[in-house]
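A.B. asks: Have a look at this one.
Each reported figure results from applying straightforward, stated rules to the coordinates on display, with no laboratory input. These numbers were taken from a predicted model, which means no experiment stands behind them. Heads up, the Cβs are rebuilt from the backbone with ideal geometry, glycines too, and the neighbour counts pull from every protein chain shown.
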Amino acid sequence: MGRWEPNARGRLLQAALELYGERGFEQTTVAEIAERAGLTERTFFRHFADKREVLFAGAAALEELLVSTVAKAPDGLAPIDAAAAGIEAAGAAIQAGGELPRMRATIIAASAELQERELIKLASLASALADELRRRGVTEPAASLTAEAAIAVFRIAFERWINEPDQQDLPRLIRESLDELKAVTAGH
């Protein structure tokens, strides 16, 4: 594949995920990723700050989708239901990634460094969600509690989606997990 072919970013992502899966994150170099993609290291660094960012480059877009979905939720919606709309939209976007999210999750699970980075990403999502809930008029501590609960629901549903191969509908798993949380907190 020549360097002039389109979708350099996608090719780099695919090459990185393949190499991380074959050799491990720590053992893979940027030079190897670029070579596998048929590109130069310089091209790699035009698209990604470092080899970790290949796995986390979509975090800002995911956060924007979550926050904008909550912002557009009907005014009378309960805070947890507005948050649920956001995490369901995020789940649908992740699911649209096909097998890439599952490959990414496997790679992250194999690296303590990447697991830490994933936790930072989830904390950032919770913070952005709490900020949007406050903009909607939800007071503290309800905004932070709702945001943290929503991210916990998202994380549990995502883990089910990853670990249970027959589970294909991530937004449905998110709704089911939220229903479980509501049942537990209602005392049923």
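A.B. asks: Using the alpha carbon gyration tensor of region 23-122, what are the three equivalent-ellipsoid semi-axes (square root of 5 times each eigenvalue), largest first, in whole Å? Please report the intermediate quantities before stating the final value.
C.D. replies: Values: eigenvalues 208, 42, 26 Å².
Output for region 23-122: semi-axes of 32, 14, 11 Å.
A.B. asks: Counting pairs of alpha carbon atoms under 8 Å apart in space and at least six apart in sequence, what relative contact order in percent does the chain give? Write down the numbers at each step before the final one.
C.D. replies: Values: 178 pairs, mean separation 38.0, N = 188.
Computed value for the chain: 20 percent relative contact order.
A.B. asks: Considering only C-alpha atoms, what is the centroid distance from region 107-146 to region 1-53, in Å?
C.D. replies: 28 Å
A.B. asks: Mind putting a number on the dipole of region 8-54 about its Cα centre? Charges go on the C-beta only, +1 for Lys and Arg and -1 for Asp and Glu, and I need it in Debye to the nearest 20. Spell out each step's value before the answer.
C.D. replies: Values: 8 positive and 8 negative charges, 44 e Å.
Dipole of region 8-54, to the nearest 20 debye: 220 debye.
A.B. asks: What number, in nm² with one decimal, is the all-direction average of the projected area of the convex hull of the alpha-carbon atoms of the chain? Working shown, then result.
C.D. replies: On the way: hull surface 48.3 nm².
Its average projected convex-hull area is 12.1 nm².
A.B. asks: Averaging the inverse of every distinct alpha carbon separation and then flipping it gives the Kirkwood radius. What is it for region 8-54, in angstrom units?
C.D. replies: Details: mean 1/r = 0.0999 Å⁻¹.
Across region 8-54, the inverse of the average 1/r is 10.0 Å.
A.B. asks: Determine the sum of side-chain charges near Ala126: Lys and Arg each +1, Asp and Glu each -1, restricted to other residues whose C-beta is under 14 angstrom from that of Ala126. Let's see the in-between values first.
C.D. replies: Values: positive: Lys121, Arg134, Arg155; negative: Glu63, Glu118, Asp131, Glu132, Glu140, Glu148.
For residues surrounding Ala126, the net value is -3.
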